[in-house]
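The values are calculated or read from the model by the stated rules, or taken from the named source; none is laboratory data. Just so you know, these numbers come straight off a predicted model, no measurement behind them. No Cβ is skipped: glycine too gets one built from the backbone with ideal geometry, and neighbour counts run over all protein chains shown.
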Amino acid sequence: MLGLKLPTDPRWVNLAEKSLEEILTDHAYCEQKAATSCISLIQAFPDKEDMVTELAPIVTEEWGHFRLVLQELKKRGLHLGRQRKDEYVNALLKFERKGGSRDERLMERLLACALIEARSCERFRLLSLHISDTALREFYHGFMVSEAGHYRLFIDLANRYADIVHVKKRWQEYLDYEAEIMALLSLRGDRMH
């Protein structure tokens with residue numbers, strides 16, 4: 001369904017499990033950044049009223065996810081660490097085309113958001129299936145379902161505001177580029193991406 005061209009190395013779950021405080025910290029900040037990204041889209045494109053209407057509840061949901069991860073940290077006696085640079089997202093954002101029409105720039109941002117959500121969904125799925133802690137399996141299953149819906153929404157919005165054929169072609173280019181990023185990044189258990 002997600003179309004990712006390079007799946008996450010299955011050993012990632014084992015590494016994440018060994019770095020639980022770090023992975024939960026990174027997850028918390030990912031949720032915070034997701035909320036901020038939706039706010040930025042709303043601020044940059046307030047005239048896209050249906051998009052604003054559909055993203056507004058996502059802002060609330062993503063911030064709620066941030067709070068859920070904070071609760072999970074506290075419940076486990078762990079602490080929110082410092083935010084770290086997200087090499088994956090930074091590399092992905094370099095692929096965004098900055099020129100073109102306003103609608104083309106919107107499409108680029110929506111596709112980048114869709115891909116981040118798709119990779120998060122894939123990682124949450126792995127955690128929901130393979131982490132040894134059954135409570136965390138359930139915890140991450142809920143996030144997986146949510147991210148799948150967000151991924152789909154961003155793709156649908158891109159198709160709404162740009163030519164569907166162009167969106168499909170550009171999406172394939174994003175998927176190819178993302179696979180290259182994944183192949184180059186070292187496997188780290190302290191990062192969601």
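Can you pull out the helices (runs of 4 or more DSSP H) entirely within the range 62-169 that have at least 3 residues that are buried (at least 18 other Cβ atoms within 10 Å of the Cβ) and among the aromatic types (Phe, Trp, Tyr)? Reasoning before the result, please.
Numbers: elements: 87-93, 102-130, 134-161.
So the answer is 134-161.
Of all residues in the range 1-22, those being under 16 Å from the mean Cα position of the chain (by Cα), surrounded by fewer than 13 Cβ atoms within 10 Å (Cβ to Cβ) and under 17 Å from Tyr140 (Cβ atoms) number 1. Only a single criterion out of (1) farther than 24 Å from Leu187 by Cβ; (2) at pLDDT below 95 is not satisfied by Leu2, namely (1).
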